[in-house]
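For reference, the structure is listed below as structure tokens.
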Amino acid sequence: MYSIVSSKNVTDYDGDGILNSLGPGPNRIKIFGRLCRSILEKTDERLEKEIIERGSSLPIGESFVTESYGLDCKYIVHVITPFKEDDDEQLSKLVGAYLKAFQTAYDEGVRSILVPTIGAGANGYQTFESLKAAKESGYAFSKEHPNMDIFIDVYDVEHYVYETTMDISEDSSSHKKLSEDELALIRNQIIEEN
């Protein structure tokens, strides 16, 4: 099964696993993104050591599974997330990273996984590109593996929509916050289109 969900904190998921994004390169520990930092803040310090030991020699797009080190889920699936390059206009590298992570998780017995959008921000993908890649890969994998539940978490997308739809001018008193209905309409349209 594949579905879209919104969770405020990936680290609170109590299913089988969550997806974590690691930055490529030999100094991976220095380029952890916001997702990885939030996971590390809530886990045992042994997780960081295991990530460095197991992830440092892996190429972009590869993945591995660790225990959850104190989170409510059972496992953390780590994927070496690609940086966007000019030759990845079709998002094939990012889709490939998601698919590899799903296959690794499946092979390790993970049957439900919460998947935040990865690759956006420091890795150069736009938030909506990451969502599109997550949806495309989640849908494709779930068709082949119907006994695995893949939950694409759009909380970051919703936050992005909120931040980018405020009417911002030099006078901070003129910021216009959209109503919940306006935000819901925009959010649903973006999720359907991507």
Odd one out for LEU131 among (1) open to solvent by less than 10 Å² (accessible area, probe 1.4 Å); (2) farther than 16 Å from HIS78 by Cα; (3) aliphatic (A, V, I, L, M); (4) at pLDDT 90 or above: (4)
Filter pass, LEU22 being open to solvent by less than 20 Å² (accessible area, probe 1.4 Å) and either under 18 Å from the mean Cα position of the chain (by Cα) or at pLDDT 90 or above (or both): yes
When residues of segment 79-113 are limited to those that are in contact with a helix residue (DSSP H, G or I) (Cβ under 6 Å, 6 or more places away or on another chain) and part of a strand (DSSP E or B), the one farthest from PHE151 (Cα to Cα): VAL79
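Table: residues versus (1) surrounded by fewer than 18 Cβ atoms within 10 Å (Cβ to Cβ); (2) in contact with a His (Cβ under 8 Å, 6 or more places away or on another chain); (3) farther than 19 Å from ILE118 by Cα; (4) modelled with pLDDT of 95 or more.
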{"site": "ILE51", "(1), (2), (3), (4)": "no, yes, no, no"}
{"site": "TYR69", "(1), (2), (3), (4)": "yes, no, yes, yes"}
{"site": "PHE83", "(1), (2), (3), (4)": "yes, no, no, no"}
{"site": "GLU89", "(1), (2), (3), (4)": "yes, no, no, no"}
{"site": "LYS93", "(1), (2), (3), (4)": "no, no, no, no"}
Options GLY55, GLY61: the member that is modelled with pLDDT under 95 and at positive phi: GLY61
Index of the failed condition, LEU47 passing every other in (1) open to solvent by less than 20 Å² (accessible area, probe 1.4 Å); (2) in contact (Cβ under 8 Å) with a residue 40 or more places away in the chain; (3) farther than 29 Å from LYS143 by Cβ: (2)
Matching option when the condition is over 19 Å from GLY17 (Cα atoms) and of a type in the set (Lys, Arg), among LYS132, LYS74, LYS100: LYS132
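Per-residue answers, yes or no, for (1) over 11 Å from the mean Cα position of the chain (by Cα); (2) at negative phi:
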{"position": "LEU91", "(1), (2)": "yes, no"}
{"position": "VAL115", "(1), (2)": "no, yes"}
{"position": "ALA120", "(1), (2)": "no, yes"}
{"position": "LEU131", "(1), (2)": "no, yes"}
{"position": "GLY138", "(1), (2)": "yes, yes"}
Residue, least open to solvent (accessible area, probe 1.4 Å), within segment 134-155, restricted to residues that are over 11 Å from ILE113 (Cβ atoms) and hydroxyl-bearing (Ser, Thr, Tyr): SER137
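The values are calculated or read from the model by the stated rules, or taken from the named source; none is laboratory data. Just so it is clear, the structure is predicted and the values come from calculations on it, not from any experiment. FYI the Cβ positions are ideal-geometry reconstructions off the backbone, even for glycines, and counts take in every protein chain you see. When the accessible area is computed, the model is the full protein with side chains, heavy atoms only, and any ligands, DNA or RNA have been set aside. Shrake-Rupley method; radii C 1.70, N 1.55, O 1.52, S 1.80 Å.
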